[in-house]
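Everything below concerns the one structure shown next.
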Amino acid sequence: MTTPPLSESVELSIVIPVRDEAGNVARLAAEIHAALAGQVTYEIIFVDDASTDATPVELAGLNDRRVRVLTHVISCGQSQATITGVVHACGAWIATLDGDGQNDPADLPRLLEARAGAGVEAPRTLFIGRRGSRRDNLRRLIASRIANGIRGAVLGDATPDSGCGIKLLSRELFLALPRFDAQHRFMPALVLRAGGRVVSMPVSHRMRVRGSSKYTIWRRGLIGIVDMLGVFWLMRRNRRPTLKSQEVRR
């Protein structure tokens with residue numbers, strides 16, 4: 001299912017990948033409207049990654065002119081769902097949220113304020129949340145802390161919470177990044193590789209109230225090591241030329 005974009009121009013596209021998140025999507029849409037009312041022109045893009053529960057029915061029932069729905073025929077994962085949303089987005093700026101409801105849309109205005117304060121540096125900056133009080137079980141908290149420590153040491157991304165789902169960046173910057181599975185976990189390193197910068201900001205984190213996580217700790221950890229080494233290779237092989245002068249044609 002594909003919903004056509006708004007006829008009016010939008011500045012911000014909020015991209016939300018979802019799979020089997022019935023009970024969460026309508027709540028998220030309502031919270032985004034409450035958070036952004038009167039602040040910015042926006043659209044909400046839900047990318048349904050081949051849900052098998054009532055998520056498609058709930059999305060179809062939103063009947064909201066600011067909501068667009070894109071649907072994968074087969075599941076391709078969170079990163080590809082996010083990429084699909086960004087490719088089809090109308091806004092010059094992209095915000096991402098996890099579809100499980102643990103990211104609070106009320107934090108979006110704070111990221112927008114940081115963007116405004118960044119001035120000319122904003123288009124090359126990734127604004128990413130940092131979850132201070134995470135609402136996860138102890139095993140997941142420990143695993144995440146270890147993963148962030150290893151990732152920071154290997155990739156040097158200087159980001160305390162690289163896996164946080166709430167992010168804000170220009171669409172142009174996002175589309176300039178390499179695309180692969182698990183891309184969403186390495187966005188800070190990829191932005192630095194592209195010559196950009198990263199700003200981490202404190203955000204809230206909520207308990208999941210419906211559905212269940214799509215990841216296991218050990219599966220995420222094993223695959224994450226392989227992905228991290230791949231990103232490390234990309235960063236080591238990257239070369240950004242500096243132009244001494246430019247020819248002016250008349």
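Taken together, the values in this text are just the output of simple stated rules run on the coordinates, not laboratory data. The shown structure was predicted, so the numbers you read here are calculated from the model rather than taken from an experiment. Backbone-built Cβ (ideal geometry, glycine too); neighbour counts: all protein chains shown.
Extension gain, residue 88 to residue 114: 0.36 nm times the residue separation minus the Cα-Cα distance gives 6.8 nm.
Residue 53 label point, 7 Å along Cα→Cβ, cut-off 11 Å on backbone N: hits in the range 9-34? Within reach of a label on residue 53, which here means backbone N under 11 Å from a point 7 Å along Cα→Cβ, the range 9-34 contributes 19-25.
Of the peptides 36-47, 99-110, 229-240, 170-181, the ranking by mean beta-carbon count within 10 Å, highest at the top, reads 99-110, 36-47, 170-181, 229-240.
Annotation: amide H-H contacts under 5 Å for residue 71 (H modelled 1.01 Å from N, sequence separation of 5 or more, or interchain): 48. Note on the range 12-236: Rg/Rh from C-alpha atoms, Kirkwood Rh, equals 0.93. Each DSSP beta bridge with both residues in the range 12-236 is either parallel or antiparallel, and the antiparallel ones are about 25%.
Taking amide H as placed 1.01 Å from N in the peptide plane, residue 91 has its amide H under 5 Å from the amide H of 13, each at least 5 places away in sequence or on another chain.
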